[in-house]
Amino acid sequence: MADNIVRVEVTPRRGEGMRDVRGDSIRRQLVTDYSIEFNEVRSIVGFLISSEVPGQEISSRVDDLFADPIIEISKTGESILADQQYFPDKPEHSITIGFKPGVTDNPGKAALDGLHMVFPEAGMNADISTYITYAFFGGPSDVEGTWLANKLHNSLIERAIVSNSGKDHPSIDYSLLEEVQYSPPSIINLEIPDEELIELSDSGLLALNLEEMTTIRDHYRDPEIRMAREKVSINPDSPTDVELECLAQTWSEHCKHKIFAAKIHHVDDETGEDCIIDSLFKTYIMKPTLQMQEEVDWLLSVFHDNSGVISWDDEWSICMKAETHNSPSALDPFGGAMTGIVGVNRDILGTGLGARPIANTDVFCFGPPDWDGDLPENLFPPARVLRGVHAGVRVGGNESGIPTINGAMVFDDRYIGKPLVYCGTLGIMPRLLPDGRESHIKTPNAEDIVYMVGGKVGADGIHGATFSSLELTENSPSSAVQIGDPITQKKMVDMILEARDSGLITCITDNGAGGLSSSIGEMAEYTGGCKIDLAKVPLKQSGLSAWEILVSESQERMTVAVKPEDCAAFESLADLHEVEATPVAIFTNTGIFHVCYGEDTVAYLPIEFLHYGVPQLQLESRWTKPEIKQFIPPQNANHSEMLLQMLARPNIASKETWVRQYDHEVIAQTVIKPFVGVERDGPGDAGLIAPIHGNPHGIVVSCGIQPRYSDIDAGAMAAAAIDEAVRNAVCAGVDVNLMAGLDNFCWPDSIESEKTPDGKFKLAQLVRANRELERVCRAYRLPCVSGKDSMKNDYGSGEKKISIPPTLLFTVFGDQPDVRYTATSDLKHVGERLYILGDSKEELGASELAFMLNENGQSEGIGGEVPRLNHPEKNLTRYQALSEAIRSGLIRTAHDCSEGGLAVAIAEMCIGGRLGALIDIDGIGSGSIYGRLWGESLGRIIIGVSPHQEEQFFDIMEGHELHLLGLVVENNLSIVDGIDDLIDGEIEEMATVWKEALDMTGGVS
Amino acid sequence: MVKVAVLFGFGINCDHETAAMFDLVGATAQRIHTNKLVNGEIDLSEFQILAVPGGFSFGDHLGSGRLLGNRLRFGLRDQLQAFVAAGKPIIGICNGFQVLVKTGLLPGPTAGDTQPDFIQRASLTLNDSGRYEDRWVTLEFDQNSPCIWTKGIERMQCPVRHGEGKFIMPESVDLDTLQENNQLTVRYVDPTSETGSGISDDVLPFPISPNGSMRNIAGICDRTGLVFGLMPHPEAIYARWLHPSHTRGDAPVVESDEESVLGDWEGEGLQIFRNAVEYVRNNL
């Protein structure tokens, strides 16, 4: 590293029309989140440039690179804050925040690229680190600098320098990463007592249980194995640390889904059932999908690739995948969520021979944003988690040029312990490549050269896979966290898609959990072996040991196999796109996962053992119906007032101020946007895109999630999630005969142990959820083509343990033949007639209303009948009919009726259309007034029809449960039950309440 | 055949749809990695139109458009100069607009020679709100603008999707000059105002003006009218099915003499691209 370090500081100019927006955003955020008001916050962006370029030269061209001369002023070599001219008054506090050494500094990387452009002589070892200083003026005297600093930075990845009582404003210094010395692999002796094996697993963050540890030990006792190892000069009778780490990653819950693959002894106290389930995944998810695959011709690739692929038309196939990034998001909400979204983008890029990501979905579960209760140590308040996660997904999605077209935010106290961050991506690929190969089939051969493409490997992201298989504690490692770099990834996506179309790729997968160990390890299965040379892997910092290089989850990397004769073309394409691409391995057919560091063999594992050696878990499951206090609604309720309260509930309120910050329209394809209606602020049910420019052929993407139903029955929770996702898709006119699903389970620890005394019950919840998933998906003829599970969503242990409610996110993607004929939730015109499809029953258990009245102290419990899907096959025909009516252009108004029931759904439709409605809920189902107004019975969709089209509509809907609700009028929403007035509400008032509840922007000035 | 070069690489991300727009109006567009022009593999002079699409080149670090702008300023200077000298149209949309402003191609010299001097005279910076937002705006076009891209277009509804769209020129005399030259081609206007009378020099409130731009400027052209840049995305309303009101039946219908491949489903944005292609057909 060069000794010459030059400091450049830049701050916005002052004057007419000029504004320090960065500083002002911090000022507003302090007001919104903490009610602390400063008169002014100013910002300074700093660069520490380590290069061969002298300070004078940098100073002379500072406006060519670091400062925008029109709007900014700069200082080279000294602190701008000390300059009387620019800062005549000294701030009360100054906080300077920079990254810790080794943490991805994206502005620094970009600045370095720019430095090389302006100063070609900057030197190979040049480096730039960046920081930002906030200067605070005119605030309350009792606010301390250290307090402010804590609110503004995350000490896990950033460092902060705080001014000393308004006098000294010290600068941050360039900080070098400590040099690490490469140490050769060590040998781990497994011939030790059982307790010590467990201790070894725990202290090494291996997350392996005793049986797994002894299985590994026994592998090294095999004389044949020992002989083979001797031949390649690797320690014959014990694993190297490389091997043990590699096995721990590959066998982690995260990678091998051991709970879903377990043999479960399931007992049901309610029914007396006592049975053995041999793998939940195979029994309830895989089997039904494979059976459906035999009946249709459009399921191209399910389960075995990075995402499931279906054919969309003769030319194109589409694929989709959703992932979670919960643990990293708890530690660093911004970085964790960003790597979540760019990570799932890579799953799409790694599908088949490479698909192009064209749409994202984001579903988050958080603690209540206004939480003022206690927080366990090391946890961020929910509002901060929300801000960070949102920013991470925003930056990751927007900078990648992938629209976020659908999503949700769910709130519950228990997500304080672990937020859930689901990120999904839809991809598209030509069915045939120019060279005639089908794009969804990988075509690797032994002798193919394996490239690592994209970023370099660093110490960041070591142990991500094993770490997410453990509960979160105060000592969780910071190395598990990374910050993504969407631009490095975007360059890689551009390059790889070009390489695909040029026929240069035979096999591709992403580097996610487990790093190279997993990516090359998985691909090596195709040819039956590989040989990796870790010494060739480009590193962010020297000295990483072999096992670290092998398992590091550093971001923005794909693993791509190329035929030897295509390597030159592949490398020149990488050069053009300025993308790193290094050959690091070769496919073989030796049956061995063979890892070298230079000449030395550091791991030598049979592929069979690596992938299929993990012993099946044997688990106990026991269902006992939980006892929950009954929800008894109050006798004399003011339903009008209740509606306003409900509209302000975080689970119901508009998320518009958050969602608007996502680009949902890039690629010029988004037909139904997240917000619809006259003022473009009514809720959109599903995302609808027409991705081929000039062609109205569409794809629908929708989500369903209802975690609180798990309080009563996780089976009902799963059924509700699926039904909600399907209904949302139906509202956009999906072809229900051509849709597929993704199941993403997030569960608390379900293995009975000292830490988890109720493990049997939690596992029984999982069994019930899976059984309902199978039943409903079979009835809907809805194949699950891809899924994921995250099984350790708990914080802490013992009394302080917080477990999330068992949560299934269900995503639907499917065909929409013509986007010109679709529907949105907003009421369209006065005189429109409103109908509700489906019956409204007495199903108020775990409803949003029950939770609200319970929290308000107006009711004791939330128990009772939870919404059930008793005859899903009937729902399907109902949905088919409605979808047909929408696709024929007859119906333009449809909205699913879920959280908050009919009252909330109608209110949302009124807001979207800025129109009122006269509604009579008499005769729409068997529920009481509460049940019909607020109950969340499944299978219901509210529909608007123009009077002159009613006849045609009736013809299509004949035989389905269709109830007249009322009609659209000019101003107010009025709901009656026969002769009883229930609700009278003014639309603008409802809109204001609904829109303001979650607006945490602090306005615009 | 009118050939269009659509730049991509380094985080540009609207290249596919921008290329598709020119194809839809009868030109042939080619997505070209910027480096292929810099290294001479492809010669810019083979093309009649250059488009710099939207995106997040270099992550907007060091200011939106700055680093890609430098690549063009230092790596493509001569080719760009020759392109402009040949009277060929250039458009920059969103990040592309930011790039053209930071390279100095927009607004360009306000007096004397119209040839580019690559001096930055204006900037696009962080929205007053401090937020990146995707929202629909109403635009009104200066009917006297020399801009060849916007001929005959009075109003348009389309989305903005940016965090740095606030147009700034520190000296109001400079803005006066641009205004006198009719270079302030397109502005944010109140959708309830009457077409033709919406343009205002006073900054309109959020969200009518989504970013607090001086004089509500959404896009400008150079003095020749050939180089045009704007923050909003006309390509995002190439078809009426992309309009947020299309299920309400009130997505604006385009009245055009031209036959459209989209029939009466053509959206308001496509005409911008057609104008440039027609201009090339008639003048080059």
A:CYS255 vs. criteria closer than 19 Å to A:PRO748 by Cα and part of a helix (DSSP H, G or I)
yes
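Within region B:31-134, which helices (runs of 4 or more DSSP H) (wholly inside it) include 2 or more residues that are open to solvent by less than 10 Å² (accessible area, probe 1.4 Å) and within 13 Å of chain A (Cβ to nearest Cβ)?
Numbers: elements: B:34-38, B:66-75, B:77-85, B:95-103.
Once the helices (runs of 4 or more DSSP H) in region B:31-134 are filtered for at least 2 residues that are open to solvent by less than 10 Å² (accessible area, probe 1.4 Å) and within 13 Å of chain A (Cβ to nearest Cβ), what remains is B:34-38, B:66-75, B:95-103.
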Among residues of region B:238-264 being open to solvent by less than 10 Å² (accessible area, probe 1.4 Å), of a type in the set (A, V, I, L, M, F, W, C) and within 8 Å of another protein chain (Cβ to nearest Cβ), the residue farthest from B:LEU139 (Cα to Cα) is B:TRP241
The residue that is surrounded by the most Cβ atoms within 10 Å (Cβ to Cβ), considering only those in region A:789-839 that are in contact with a Lys or Arg (Cβ under 8 Å, 6 or more places away or on another chain) and among the aromatic types (Phe, Trp, Tyr), is A:TYR795
Residue set A:THR624, A:THR582; condition more than 14 Å from every other protein chain (Cβ to nearest Cβ), touching a residue at least 60 places away in the same chain (Cβ under 8 Å) and closer than 24 Å to A:VAL242 by Cα; output residue A:THR582
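Filter region A:28-41 down to the residues that are part of a loop (DSSP other than H, G, I, E, B) and either closer than 23 Å to A:VAL118 by Cα or open to solvent by 50 Å² or more (accessible area, probe 1.4 Å) (or both), then identify the one that is farthest from the other protein chains (Cβ to nearest Cβ). Can you show your working first?
Of region A:28-41, the ones part of a loop (DSSP other than H, G, I, E, B) are A:35-39.
Narrowing the set further to residues that are either closer than 23 Å to A:VAL118 by Cα or open to solvent by 50 Å² or more (accessible area, probe 1.4 Å) (or both) leaves A:35, A:37, A:39.
Working: A:SER35: 19, A:GLU37: 17, A:ASN39: 17 Å.
Taking the candidates together, the pick is A:SER35.
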In the set A:GLU772, A:GLU799, the lone residue that is in contact (Cβ under 8 Å) with a residue 24 or more places away in the chain and not in a strand (DSSP E or B) is A:GLU772
Among residues of region A:664-682 being closer than 12 Å to A:CYS910 by Cα and buried (at least 24 other Cβ atoms within 10 Å of the Cβ), the residue farthest from the other protein chains (Cβ to nearest Cβ) is A:GLY682
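Residue by residue, here is whether (1) free of Cβ contacts under 8 Å to residues at least 40 places away in the same chain; (2) of a type in the set (A, V, I, L, M, F, W, C); (3) on the phi < 0 side of the Ramachandran plot holds:
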site: A:ALA732; (1), (2), (3): no, yes, yes
site: A:LEU738; (1), (2), (3): no, yes, yes
site: A:ASP743; (1), (2), (3): no, no, yes
site: A:SER750; (1), (2), (3): no, no, yes
site: A:SER753; (1), (2), (3): yes, no, yes
site: A:VAL767; (1), (2), (3): no, yes, yes
site: A:VAL776; (1), (2), (3): no, yes, yes
site: A:PRO783; (1), (2), (3): no, no, yes
site: A:ASN793; (1), (2), (3): no, no, yes
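From A:GLY838, A:GLY901, A:GLY857, A:GLY831, grab the single residue that is modelled with pLDDT under 95, at positive phi and of a type outside the set (D, E, K, R).
Numbers: A:GLY838 fails: modelled with pLDDT under 95; A:GLY901 fails: modelled with pLDDT under 95; A:GLY831 fails: modelled with pLDDT under 95.
One residue alone meets the criteria, A:GLY857.
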For region A:493-520 the number of residues that are in contact with a Lys or Arg (Cβ under 9 Å, 6 or more places away or on another chain), under 21 Å from A:VAL551 (Cα atoms) and part of a helix (DSSP H, G or I) is 3
Scanning region A:42-65 residue by residue, those within 11 Å of chain B (Cβ to nearest Cβ) and within 22 Å of A:LEU176 (Cα to Cα) turn out to be A:VAL45, A:PHE47
Condition set open to solvent by 30 Å² or more (accessible area, probe 1.4 Å) and within 7 Å of chain A (Cβ to nearest Cβ), scope region B:135-179, selection nearest to B:PHE56 (Cα to Cα): answer is B:ARG135
query = Any residue at all in region A:766-780 that is open to solvent by 20 Å² or more (accessible area, probe 1.4 Å), out of contact with any His (no Cβ under 9 Å at 6 or more places or on another chain) and farther than 30 Å from A:ASP794 by Cβ?
reply = yes
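Name the one entry in A:PRO107, A:PRO91, A:PRO69 that is surrounded by fewer than 20 Cβ atoms within 10 Å (Cβ to Cβ) and either assigned to a loop (DSSP other than H, G, I, E, B) or within 36 Å of the chain's Cα centre (by Cα) (or both). Walk me through it before giving the result.
Values: A:PRO107 fails: surrounded by fewer than 20 Cβ atoms within 10 Å (Cβ to Cβ); A:PRO91 fails: surrounded by fewer than 20 Cβ atoms within 10 Å (Cβ to Cβ).
Of A:PRO107, A:PRO91, A:PRO69, the one residue that is surrounded by fewer than 20 Cβ atoms within 10 Å (Cβ to Cβ) and either assigned to a loop (DSSP other than H, G, I, E, B) or within 36 Å of the chain's Cα centre (by Cα) (or both) is A:PRO69.
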Filter region B:231-270 for residues that are assigned to a helix (DSSP H, G or I) and farther than 25 Å from A:ASP681 by Cα; the one that is modelled with the highest pLDDT is B:LEU270
- Query: Does A:PRO170 meet the test of being at pLDDT below 85, over 35 Å from the mean Cα position of the chain (by Cα), surrounded by fewer than 16 Cβ atoms within 10 Å (Cβ to Cβ) and not charged (D, E, K, R)?
  - Reply: yes
For B:GLY267, are the conditions met, namely being over 18 Å from B:ASP134 (Cα atoms), within 12 Å of chain A (Cβ to nearest Cβ), free of Cβ contacts under 8 Å to residues at least 40 places away in the same chain and touching a Leu at 6+ places or on another chain (Cβ under 9 Å)?
yes
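Residues in region A:172-179: is at least one at negative phi and assigned to a helix (DSSP H, G or I)?
Our first condition is that a residue be at negative phi; within region A:172-179, this holds for A:172-179.
Next, from what is left, pick out any that are assigned to a helix (DSSP H, G or I): none.
The answer is no, given that none of the residues of region A:172-179 is at negative phi and assigned to a helix (DSSP H, G or I).
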Residue hits (region A:683-732; charged (D, E, K, R) and more than 14 Å from chain B (Cβ to nearest Cβ)) are A:ARG708, A:ASP711, A:ASP713, A:ASP723, A:GLU724, A:ARG727
For region A:95-143, the count of residues that are away from chain B (no Cβ under 11 Å) and without any contact (Cβ under 8 Å) to a residue 40 or more places away in the chain equals 3
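Would you point out which residue out of A:SER926, A:SER883, A:SER888, A:SER898 is of a type in the set (Gly, Ala, Ser) and open to solvent by less than 10 Å² (accessible area, probe 1.4 Å)? Quick ask: steps written out before the conclusion?
Details: A:SER926 fails: open to solvent by less than 10 Å² (accessible area, probe 1.4 Å); A:SER888 fails: open to solvent by less than 10 Å² (accessible area, probe 1.4 Å); A:SER898 fails: open to solvent by less than 10 Å² (accessible area, probe 1.4 Å).
Of A:SER926, A:SER883, A:SER888, A:SER898, the one residue that is of a type in the set (Gly, Ala, Ser) and open to solvent by less than 10 Å² (accessible area, probe 1.4 Å) is A:SER883.
Does A:GLU908 meet the test of being of a type in the set (Asp, Glu), more than 26 Å from A:ILE979 (Cβ to Cβ), touching a residue at least 40 places away in the same chain (Cβ under 8 Å) and not in a helix (DSSP H, G or I)?
Details: of a type in the set (Asp, Glu): yes; more than 26 Å from A:ILE979 (Cβ to Cβ): yes; touching a residue at least 40 places away in the same chain (Cβ under 8 Å): yes; not in a helix (DSSP H, G or I): no.
When the stated conditions are applied, A:GLU908 does not pass them.
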Those residues of region A:957-1002 which are within 14 Å of chain B (Cβ to nearest Cβ) and open to solvent by 30 Å² or more (accessible area, probe 1.4 Å) amount to A:LYS995, A:ASP999, A:GLY1002
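Somewhere in region A:402-422, is a residue of a type in the set (S, T, N, Q), part of a strand (DSSP E or B) and touching a strand residue (DSSP E or B) at 6+ places or on another chain (Cβ under 8 Å)?
Let us first name the residues in region A:402-422 that are of a type in the set (S, T, N, Q), namely A:404, A:406.
Then keep just the ones that are part of a strand (DSSP E or B); that gives A:404, A:406.
Next, from what is left, pick out any that are touching a strand residue (DSSP E or B) at 6+ places or on another chain (Cβ under 8 Å): A:404, A:406.
Yes.
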Expected single match for touching a Ser or Thr at 6+ places or on another chain (Cβ under 7 Å), of a type outside the set (Val, Ile, Thr) and not in a loop (DSSP other than H, G, I, E, B) among B:PHE206, B:PHE228, B:PHE273 is B:PHE228
Those residues of region A:945-988 that are in contact with a Gly (Cβ under 7 Å, 6 or more places away or on another chain) and over 21 Å from A:CYS910 (Cα atoms) come to a total of 1
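The values are calculated or read from the model by the stated rules, or taken from the named source; none is laboratory data. The structure displayed is predicted, hence computed values, not measured ones. With ideal geometry, Cβ positions are generated from the backbone for all residues, glycine too; neighbour counts draw on all protein chains shown. Just the protein is used for accessible areas: all its heavy atoms, side chains included, with ligands, DNA and RNA removed. Shrake-Rupley method; radii C 1.70, N 1.55, O 1.52, S 1.80 Å.
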